[in-house]
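Peer 1: Questions regarding the structure given below will be posed in turn.
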There are 2 protein chains.
Amino acid sequence: MLLECGVALPDVHLAYETWGTPAPDRSNAVLILHALTGDSHVAAGPEQPTPGWWDGLIGPGRAVDTDRWWVVAPNVLGGCRGSTGPSSPAPDGRPWGSRWPKVTIRDQVAAEIALADALGVRSWAAVLGGSMGGMRALEWAVSAPSRVERLLLLATTAAASADQIAWASPQLHAIRSDPGWEGGDYYPGPGPVAGLGIARRIAHVTYRSEAELATRFGRNRQDSDRFAVESYLDHHAAKLVRRFDAGSYVTLTEGMNGHDVGRGRNGIADALRRITARTVVAGVDSDRLYPLAQQRELATHIAGAGELRVIRSPYGHDGFLIEVDQVGAIVADLLADQAARPMSNDRAGATRAAT
Amino acid sequence: MLLECGVALPDVHLAYETWGTPAPDRSNAVLILHALTGDSHVAAGPEQPTPGWWDGLIGPGRAVDTDRWWVVAPNVLGGCRGSTGPSSPAPDGRPWGSRWPKVTIRDQVAAEIALADALGVRSWAAVLGGSMGGMRALEWAVSAPSRVERLLLLATTAAASADQIAWASPQLHAIRSDPGWEGGDYYPGPGPVAGLGIARRIAHVTYRSEAELATRFGRNRQDSDRFAVESYLDHHAAKLVRRFDAGSYVTLTEGMNGHDVGRGRNGIADALRRITARTVVAGVDSDRLYPLAQQRELATHIAGAGELRVIRSPYGHDGFLIEVDQVGAIVADLLADQAARPMSNDRAGATRAAT
């Protein structure tokens, strides 16, 4: 595929997982898009019974009821969980490494559009995404409005903010300044283990809230050398390093930095006006990385989005993964037939009726 | 001196700078305590005319009027701007490096008490400190209450929180995992340049606010490779690396992590009850590293502290350095004679009259 940067990326593969049964016309297809270090394993399924990152949301009788919906979840382009990314072999058989091109959120969605074509999905009954997944869901609804009937934008933003780019800065430097990075050509070596761990520690703190850390850890000590909260971050760093590729972390982080749905579209407001999907925007009240103002901007400019849905949670940004009951209620509302769907207020009802 | 960890630290030096003229009985002595990467050069003076980190606050006719007050500002124990620290020679002539012992905020203040003794200051007319300097000011007022007549606690806390320790975690890892760290024994080499730069980037983002970064940088690009906010962080990283020692950064950060004024004193509330100084507590409304709740806790438990003074600023934690006019007004109030000092409300007035 031809990327925005002008590079032609040959031989693109997207890994994906499905749940439920597709209708012959694929009219029951729901697309779920994962966040930075997520993958296509959203929930346990017959082939992969291990819990997924949104377990409890998908299955018979659940918010995304697999007796009705056919759920598709791809691993993002540039990722490391089955889709083509920096650790994949280039045409010469060696890993892409430092040769991996710049991939934007729009490129990621273009690859997913090709996947939809291959799967015979003309139009998604719903596209659901949080955080980086929400950036892609948004891009889907703006670049292919006729192919998105319902849209959930969760804990995400119309454009990466200066603050988000600022938090990413030391993460990218930590990975690239680790000698194990070797300019990006460390495969099949262990890679920048320390650097990726540092990036994860920074990211993880941005994903939680001050109040939760205070309640959960306070000034408790793990041992004579470490506070409990330090040990907690060490644990999450080690866990990510075992399962995630640093090259993917870098390319996806830079993709998020570049995210601006209004780029080349006369700005954010005009871009959001292209959306025709029935849209719900939701955020987490304690999210300090994707603050509610970002979701409020989306809800304001997307016709018929109605009022912002606020998830009450102490967990910060990670609340969109943890508060499955509240997310489930929001998703169930969105997926319910329009007539049966409760309207949050008259304005929303009127606007929705007009779309 | 004997440190809390049990190590006897020989040959301790504290660098300090002074402004104004000491009264024969030193009754006009004011102690100013700097933050993590600060130093004794608080303001321009006759010997060092370059601007200091609180320039504008100190001088003839200023909030700390040097026609009246004799101002003393030491560099902290463990620092690298003239006081004994990890980069200083140990008795064997080699730098302390990895042999530098664990130094607590209480140790730092014990060294400053020895300095006061050497300077003939029985009692400080005022002790002023922000951030890490506020931790030391607080410790002064609790461990030597009779030697602190007035106290300003600015953008600081009674104890480092889980969140503050969490933000420090990737900073410490970034420095120590840099091969240039060499276990702490990198002197006189360049040391962990990349690691200290990463630490500074993380810290700097915590020192500012999301809104300020949005207003100032937004999604502007510096060049084809970098956003403006990335370039800004690169600049601050490079600047710190040129002027600050990574070993000092580590020992001072760990000292702050360990800060808990209530340790061994039956908790924070009991410790704060020891304070007899006329106290003002102030914080910055947009501070996300030392949120106002921390200063509210101090104001609540310190007798006669009155209401928390809130500095209105878009700059986050750094507001305590930047908002010199507002800080100056607070300092001037504190230094004014008790009778002449405006009371913020009846409760504060009544309580203060009782102390």
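The values are calculated or read from the model by the stated rules, or taken from the named source; none is laboratory data. Predicted, not measured: the structure shown is a model, and the values here were computed from it. Note that we place each Cβ from the backbone using ideal geometry, even for glycine, and neighbour counts take in every protein chain shown.
Peer 1: Here are some conditions: (1) facing chain A (nearest Cβ under 9 Å); (2) touching a helix residue (DSSP H, G or I) at 6+ places or on another chain (Cβ under 8 Å); (3) more than 26 Å from A:PHE227 (Cβ to Cβ). B:LEU152 meets all but one. Which one does it not meet?
Peer 2: (1)
Peer 1: Tally the residues that are more than 10 Å from every other protein chain (Cβ to nearest Cβ) and in a helix (DSSP H, G or I), restricting the search to the range A:182-200.
Peer 2: Residues that pass the stated criteria total 4.
Peer 1: Follow-up question, since we're still on this one. Condition first: out of contact with any strand residue (DSSP E or B) (no Cβ under 8 Å at 6 or more places or on another chain) and either surrounded by fewer than 17 Cβ atoms within 10 Å (Cβ to Cβ) or assigned to a strand (DSSP E or B) (or both). Can you find one or more residues in the range A:31-42 that meet it?
Peer 2: no
Peer 1: Examine the range A:102-112 for a residue that is more than 26 Å from A:ALA29 (Cα to Cα) and surrounded by fewer than 24 Cβ atoms within 10 Å (Cβ to Cβ), and state whether such a residue exists.
Peer 2: yes
Peer 1: A:ALA203 - would you say it is within 13 Å of chain B (Cβ to nearest Cβ), under 26 Å from A:PRO314 (Cβ atoms), buried (at least 22 other Cβ atoms within 10 Å of the Cβ) and free of Cβ contacts under 8 Å to residues at least 12 places away in the same chain?
Peer 2: For A:ALA203, the condition - within 13 Å of chain B (Cβ to nearest Cβ), under 26 Å from A:PRO314 (Cβ atoms), buried (at least 22 other Cβ atoms within 10 Å of the Cβ) and free of Cβ contacts under 8 Å to residues at least 12 places away in the same chain - is not met.
Peer 1: Give the range A:155-181 a look and list any residue that's within 14 Å of another protein chain (Cβ to nearest Cβ) and over 19 Å from B:PRO192 (Cβ atoms), or say none.
Peer 2: Once the filter is applied, which keeps residues that are within 14 Å of another protein chain (Cβ to nearest Cβ) and over 19 Å from B:PRO192 (Cβ atoms), the range A:155-181 yields A:THR157, A:ALA158, A:ALA159, A:ALA160, A:SER161, A:ALA162, A:ASP163, A:GLN164, A:ILE165, A:ALA166, A:TRP167, A:ALA168.
Peer 1: Take the range B:74-92 and flag every residue that is charged (D, E, K, R) and surrounded by 23 or more Cβ atoms within 10 Å (Cβ to Cβ).
Peer 2: Result: no residue meets the conditions.
Peer 1: Further question on the same structure: Of all residues in the range B:312-355, count the ones that are hydrophobic (A, V, I, L, M, F, W, C) and modelled with pLDDT of 50 or more.
Peer 2: So the answer is 12.
Peer 1: If B:VAL71 satisfies all but one of (1) out of contact with any helix residue (DSSP H, G or I) (no Cβ under 9 Å at 6 or more places or on another chain); (2) surrounded by fewer than 18 Cβ atoms within 10 Å (Cβ to Cβ), what's the number of the condition it fails?
Peer 2: (2)
Residues checked against (1) among the small types (Gly, Ala, Ser); (2) within 26 Å of A:ARG201 (Cβ to Cβ); (3) not assigned by TED's automatic domain parsing to the domain that holds B:GLY78:
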position	(1), (2), (3)
B:GLY97	yes, yes, no
B:ILE113	no, no, no
B:ARG147	no, no, no
B:THR156	no, yes, no
B:ILE175	no, yes, yes
B:ASP178	no, yes, yes
B:TYR187	no, no, yes
B:GLY191	yes, yes, yes
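Peer 1: Further question: Among A:ALA141, A:ALA158, A:ALA162, A:ALA137, which is without any contact (Cβ under 8 Å) to a residue 60 or more places away in the chain, of a type outside the set (Asp, Glu) and within 25 Å of A:VAL310 (Cβ to Cβ)?
Peer 2: A:ALA162
Peer 1: Just to be sure, is A:LEU119 closer than 30 Å to B:SER231 by Cα, of a type outside the set (Gly, Ala, Ser) and surrounded by fewer than 24 Cβ atoms within 10 Å (Cβ to Cβ)?
Peer 2: No: the conditions fail for A:LEU119.
Peer 1: Looking only at the range B:272-301, which residues are away from every other protein chain (no Cβ under 13 Å) and surrounded by 24 or more Cβ atoms within 10 Å (Cβ to Cβ)?
Peer 2: Within the range B:272-301, B:LEU272, B:ILE275, B:ALA277, B:THR279, B:VAL280, B:VAL281, B:ALA282, B:GLY283, B:VAL284, B:GLN295, B:LEU298 meet the criteria.
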